[in-house]
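The values are calculated or read from the model by the stated rules, or taken from the named source; none is laboratory data. Note that this is a predicted model, so its numbers are computed, not measured. Cβ placement follows ideal geometry from the backbone for every residue including glycine, while neighbour counts extend to all protein chains displayed. Note: accessible area is taken over every heavy atom of the protein model, side chains too, but ligands, DNA and RNA are not part of it. Shrake-Rupley method; radii C 1.70, N 1.55, O 1.52, S 1.80 Å.
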Amino acid sequence: MPSDPAARAAVAELLDHLTARDFDADRVARFAALCDRLRRDLDLDTRVALADALRRDPPIGDTIRVHSVLFQLTGDLYHYERILHYLLFGMEDVAPELLHYTFWCLQRQIFMGMAAADKAAAFVPCDLFRFYRAMVGTLARRWSLTPARRAPRPGPIRRVAVVTNQFTGEGHQPTRDAFDIARRLQDEHGLEVAIINANLMPLRIENLFIPPMVVEMVERYEGVRLMEMFGHRVKTASFTGRAFDRAKVADIVSIIDEYDPDVLIAFGGTNIVCDLFAVAGARPVVCVPTTSGITMSLADILLGFDEHDYTADIPALYRAPFARRFRPFSFGYTLPPTDAGATGDPGLPPGAFVFAVVGTRLDQEADDAFLALAEAVLDRCPGAVVAFAGPVRDLPARLAASRHAGRLLSTGHIPDIRAFYRRCGALLNPRRQGGGASAAYALAEGVPVVTFPGGDVASVTGPRWQVADAAAYVARAAALCADPALRAAEAEAARDRFATVVDRRHSIDRLLRCAEEARTLSAAGEPAP
């Protein structure tokens, strides 16, 4: 037990949550917040010692609850291995909705960068992928969800289904991307296209995995309709049942069969419906990943997020199922509308050089290490400010406690992000997996980016704006602030990068070529991974 009285009280509260039998949504939220506070406030040695004690003598036999908490304390993927192996050994007896919910919760924590690096290289392509493959097979068998194989129609692709796990409206970047890919296939290539909004991410809590995961769903999208966005229309079928159960998944499979597409575009990984078709060899499937790195997919062809061959970084023992399906690709972005006359200035100090930090998860991504980095940048840049743009809850209080309070600003959600960038001098990217759109729109507006390697932002920017360490990060930001000539040259390079690589117009032709290849592979009976 830690010696500090406040820490001892927090550990006692943790034990109370670990042994409690009655939970509601409020208690689950308090449980998760406590684990987050312990990880932030206790040093690593103390957290590891506490986790070891709980591992040796667990206070309850709930494997998922205990080991998800121990992972939160330590970041040690051993605890997620324990959860996955526990579920694998009992897969025939565990309810499919619990398999599904636990997988999503666990995967999200890895996406958020919560895992210590030591085991990460092998965990995702080995443990996580094998569990996902087994889970899809179990769903197909236990729920009798094996789509019938369909003989391909002669001639080129004419009908496409774009299947997404979440479609919530114009304010959600992945929704805009899914819609944009569909409408380009329809309007620019003359195909018949439908978006299948499966809503198969967790919509309710199914067990005491900590932290829980429940995503947004737009119930008014229920059924088949013409969806309009940014002046374009695409046919959409949405499924809004909150339970992950056989009836919902079977309905989605049935409507896809009824629509009878030549190819399925799995928009994003963990696209269970598409993977049911892929493992049955029923229809050709191409997966378009929405983030860099390894994508959980059983599709016939698995595209890259950028031109980098991520499979080269997978340990050789686990590489083959990914490498034989991988094709280089650029995800690309389409610019959102902007008001050319908008100032994009949400109360920023007049004349100040503005460093932007943009995201939808800034409470987590702008952690203490990044705030220290931002403070170091401001030390070198008198008169500059750092503006954090995006929805936040806890961040403003942490900014107010900084020695640079008043120069670290939280703007909240920015409706016109491109107008905001026209007020900014540079984009500072935290260490994170996501954020690709924030970088893409910055480049289009001529805003240079400062980023570490790894993650979506580095994929979007390419190597030009990547720096090796914190010292180089601060030096690069300071140079952009101090040298107008450098900034002008970098702004021109940023616009060129967007126009020649990042603009989505370059990717749709390649997507169609990959879809035709997937038809060939599927017709030849290529085995599932």
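Before we move on, is residue 386 in contact (Cβ under 8 Å) with a residue 12 or more places away in the chain and more than 23 Å from the chain's Cα centre (by Cα)? Considered against the rule, which asks whether it is in contact (Cβ under 8 Å) with a residue 12 or more places away in the chain and more than 23 Å from the chain's Cα centre (by Cα), residue 386 comes out as yes.
Of all the numbered requirements in (1) crowded, with 19+ Cβ neighbours inside 10 Å; (2) within 20 Å of the chain's Cα centre (by Cα); (3) farther than 27 Å from residue 523 by Cα, residue 354 misses one, and that requirement is (2). Within region 290-321, the set of residues being within 23 Å of residue 104 (Cβ to Cβ) and either open to solvent by 10 Å² or more (accessible area, probe 1.4 Å) or touching a Gly at 6+ places or on another chain (Cβ under 6 Å) (or both) comprises 290, 291, 292, 293, 294, 295, 296, 297, 305, 310, 318, 321. Residues that are among the charged types (D, E, K, R), surrounded by fewer than 21 Cβ atoms within 10 Å (Cβ to Cβ) and touching a Leu at 6+ places or on another chain (Cβ under 9 Å) occur at least once in region 226-237. Could you tell me which of the residues 161, 194 is of a type in the set (Gly, Ala, Ser) and more than 20 Å from residue 220 (Cβ to Cβ)? Just one listed residue meets the conditions, 161. Of the residues 512, 521, 486, the single one that is within 30 Å of residue 158 (Cβ to Cβ), open to solvent by 10 Å² or more (accessible area, probe 1.4 Å) and at pLDDT 95 or above is 512.
Considering 450, 460, the condition of being in contact (Cβ under 8 Å) with a residue 24 or more places away in the chain, crowded, with 23+ Cβ neighbours inside 10 Å, out of contact with any strand residue (DSSP E or B) (no Cβ under 7 Å at 6 or more places or on another chain) and aliphatic (A, V, I, L, M) is satisfied by 460 alone. Considering region 115-137, the residues that are surrounded by fewer than 17 Cβ atoms within 10 Å (Cβ to Cβ) and free of Cβ contacts under 8 Å to residues at least 60 places away in the same chain include one that is nearest to residue 243 (Cα to Cα), namely 134. Here residue 113 clears all of (1) more than 26 Å from residue 359 (Cα to Cα); (2) outside any helix (DSSP H, G or I) except the condition numbered (1). Of the residues screened, residue 190 is not one that is at pLDDT below 95 and of a type in the set (Gly, Ala, Ser).
Just one of (1) out of contact with any strand residue (DSSP E or B) (no Cβ under 6 Å at 6 or more places or on another chain); (2) of a type in the set (A, V, I, L, M, F, W, C); (3) free of Cβ contacts under 8 Å to residues at least 60 places away in the same chain; (4) within 24 Å of residue 151 (Cβ to Cβ) fails for residue 191. It is (1).
Scanning region 125-139 for residues that are under 16 Å from residue 79 (Cα atoms) and either of a type in the set (Ser, Thr, Tyr) or in contact with a helix residue (DSSP H, G or I) (Cβ under 6 Å, 6 or more places away or on another chain) (or both) yields a total of 3. Scanning region 146-167 for residues that are under 27 Å from the mean Cα position of the chain (by Cα) and open to solvent by less than 20 Å² (accessible area, probe 1.4 Å) gives 160, 161, 162, 163, 164, 165, 167. The requirement of being free of Cβ contacts under 8 Å to residues at least 40 places away in the same chain and surrounded by fewer than 24 Cβ atoms within 10 Å (Cβ to Cβ) is fulfilled nowhere in region 272-279; no residue meets it. When residue 324 is tested against (1) among the basic types (Lys, Arg); (2) open to solvent by 30 Å² or more (accessible area, probe 1.4 Å); (3) under 22 Å from the mean Cα position of the chain (by Cα), only condition (3) is not met. Summed over region 172-202, the residues that are assigned to a loop (DSSP other than H, G, I, E, B) and either among the acidic types (Asp, Glu) or open to solvent by less than 10 Å² (accessible area, probe 1.4 Å) (or both) give a count of 5. Of all the criteria given as (1) at pLDDT below 95; (2) at positive phi, the one not satisfied by residue 56 is (2). Residue 187 passes every criterion in (1) farther than 30 Å from residue 361 by Cβ; (2) touching a helix residue (DSSP H, G or I) at 6+ places or on another chain (Cβ under 7 Å) apart from (2). Residues in region 471-529 that are in a loop (DSSP other than H, G, I, E, B) and not small (Gly, Ala, Ser) were compared, and the one that is nearest to residue 303 (Cα to Cα) is 529. Within region 53-76, the set of residues being charged (D, E, K, R), more than 17 Å from residue 113 (Cα to Cα) and in contact with a Leu (Cβ under 9 Å, 6 or more places away or on another chain) comprises 55, 62, 65. Could you tell me whether residue 400 is hydrophobic (A, V, I, L, M, F, W, C), open to solvent by 50 Å² or more (accessible area, probe 1.4 Å) and at pLDDT 95 or above? The answer is yes for residue 400. Any residue in region 380-390 that is under 20 Å from residue 468 (Cα atoms) and either surrounded by 18 or more Cβ atoms within 10 Å (Cβ to Cβ) or polar (S, T, N, Q) (or both)? No, every residue in region 380-390 fails to be under 20 Å from residue 468 (Cα atoms) and either surrounded by 18 or more Cβ atoms within 10 Å (Cβ to Cβ) or polar (S, T, N, Q) (or both).
The set of residues in region 145-171 being among the hydroxyl-bearing types (Ser, Thr, Tyr), in a loop (DSSP other than H, G, I, E, B) and closer than 29 Å to residue 436 by Cβ consists of 168 alone. Between 283, 246, the distinction of being modelled with pLDDT of 95 or more, crowded, with 21+ Cβ neighbours inside 10 Å and charged (D, E, K, R) belongs to 283 only.
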